[in-house]
Amino acid sequence: MNGPHYFQRYSQRENVVTNNTLLLFSRLYAHNPYSLATFINECLNIPFDIGVSFAQQTPSQHSTPDGLISQTSFKIVIETKLDENYDPDQLERHLSTFNNEEHQILLLLSPTSPNDEFICKVKADVQAFNKTHKQHIQFIPTTFEAIIDSFESVLSDFDFQMKELAEDFRAFLQEEDLLLSAPYLMRGVAAGDTLNENKEFNLYYDSKGYRDHTYIGLYAKGYIVSIGKLENIITAAYDKSRENLEIHEFKKKVTENQEARIIGAILKAQENNGWDITKNRKFFLVDKFHPTKFKQKHPIVGQKFFDLREVLTINQLPAVTEIANLLREKV
């Protein structure tokens, strides 16, 4: 990104990361409070509303007032860690920050998720605190990657300034080496009408931008149903009159097999769906789509990125066939 930055770069590192993350939240709230609510719901999987609500003739225990104007109260307490030096005692001390909010969230923000042992320890401490102090605090660890992915997912195509803001925040995270590594990322994409063609030609196509990833997961009817490891990303156009495929960009040397698969997908898209994908398309070719069944809590509209290390709770990924088997076991 050229030009001035929205987010500061030069200060004590942990403080500036926290400050920039809060700035991101505040800018989204100023842009649209309901977008912030959607963002929190998407990122933290906690359904609640932000903003003022209006109601008429709402009965209470002793009366029925003619009208009510109310607002949900919530507090999110953030602890930022830029390495794996997690401190459960420090998080436990943060619990006294809460009062009587309707929604109480203790958020641990870091480049990667802590291990299960640490999470279980903190959740046990929070549960004990809640019981003693009659609170209902939830402990939620999340990553910077999840924050920016969720932020971008709630923006509309016409939120040009907010998209620019997101681009600068992602650039800031990349500069600080706080994003997840591409070798472990699966890009979940909505397949729908093209699912059979995707599996037949072992590819996925679209015209949108993307960021580096290694795996493609095809989503349909509530599940990631297939996963493949990328072998090439090719931007191409097809001239039907000359039966010629023009290669514009590629990650690796394009093989005859890859060209044939792209042409096959282009022709099937026209034949089966009446779609003209002869121009301005990126083709994400995988070695092979392997069947799996990875349940999703929310529909994937467009795309969603998964760090497979976190999903499978392992540090090193096995072969893609084994990844497909392991994903079936996840709920």
Extreme residue, surrounded by the fewest Cβ atoms within 10 Å (Cβ to Cβ), among residues of segment 71-100 that are under 17 Å from Ile119 (Cβ atoms) and of a type in the set (A, V, I, L, M): Ile78
Test set (1) assigned to a strand (DSSP E or B); (2) more than 30 Å from His213 (Cα to Cα) - His94 fails condition number: (1)
Looking only at segment 220-258, and only at residues there that are surrounded by 15 or more Cβ atoms within 10 Å (Cβ to Cβ) and in contact with a Pro (Cβ under 8 Å, 6 or more places away or on another chain), the one that is farthest from Phe294 (Cα to Cα): Ser226
Restricting segment 204-219 to residues that are under 22 Å from Asn257 (Cβ atoms) and out of contact with any helix residue (DSSP H, G or I) (no Cβ under 6 Å at 6 or more places or on another chain), the residue that is surrounded by the fewest Cβ atoms within 10 Å (Cβ to Cβ): Asp206
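Test of understanding: among Ala265, Ala236, which residue is touching a residue at least 24 places away in the same chain (Cβ under 8 Å), outside the structural domain of Cys43 (by TED's automatic domain parsing), over 20 Å from Leu195 (Cβ atoms) and aliphatic (A, V, I, L, M)? Quick ask: steps written out before the conclusion?
Values: Ala265 fails: over 20 Å from Leu195 (Cβ atoms).
Only one candidate qualifies: Ala236.
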Hits in segment 172-182 (condition: at pLDDT below 85 and in a helix (DSSP H, G or I)): Gln174, Glu175, Ala182
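Might you check whether a residue that is assigned to a helix (DSSP H, G or I), modelled with pLDDT of 80 or more and of a type in the set (Phe, Trp, Tyr) occurs anywhere in segment 80-90?
no
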Pro141, sole failed condition from (1) under 24 Å from Thr313 (Cα atoms); (2) modelled with pLDDT under 85; (3) not hydrophobic (A, V, I, L, M, F, W, C): (2)
Total residues in segment 105-162, condition among the charged types (D, E, K, R), surrounded by 12 or more Cβ atoms within 10 Å (Cβ to Cβ) and part of a helix (DSSP H, G or I): 6
Any hit, segment 146-161, residues being in contact with a His (Cβ under 8 Å, 6 or more places away or on another chain) and within 30 Å of Asp83 (Cβ to Cβ): no
Failed criterion for Phe283 (all others in (1) more than 19 Å from Val189 (Cα to Cα); (2) buried (at least 16 other Cβ atoms within 10 Å of the Cβ); (3) in contact with a helix residue (DSSP H, G or I) (Cβ under 6 Å, 6 or more places away or on another chain) hold): (1)
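Residues in segment 64-103 that are of a type in the set (S, T, N, Q) and either under 20 Å from Ser53 (Cβ atoms) or in contact with a His (Cβ under 9 Å, 6 or more places away or on another chain) (or both): how many? Give the derivation first.
Of segment 64-103, the ones of a type in the set (S, T, N, Q) are 64, 70-73, 80, 85, 90, 96-97, 99-100.
With either under 20 Å from Ser53 (Cβ atoms) or in contact with a His (Cβ under 9 Å, 6 or more places away or on another chain) (or both) added as a condition, the list becomes 64, 70-73, 96, 100.
Adding up the residues that qualify gives 7.
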Residues being farther than 16 Å from Tyr204 by Cα and of a type in the set (A, V, I, L, M) - total across segment 235-253: 2
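The values are calculated or read from the model by the stated rules, or taken from the named source; none is laboratory data. Not measured: the values here are computed from a predicted model. In this analysis, Cβ positions are derived from the backbone assuming ideal geometry, glycine residues included, and neighbour counts consider all displayed protein chains.
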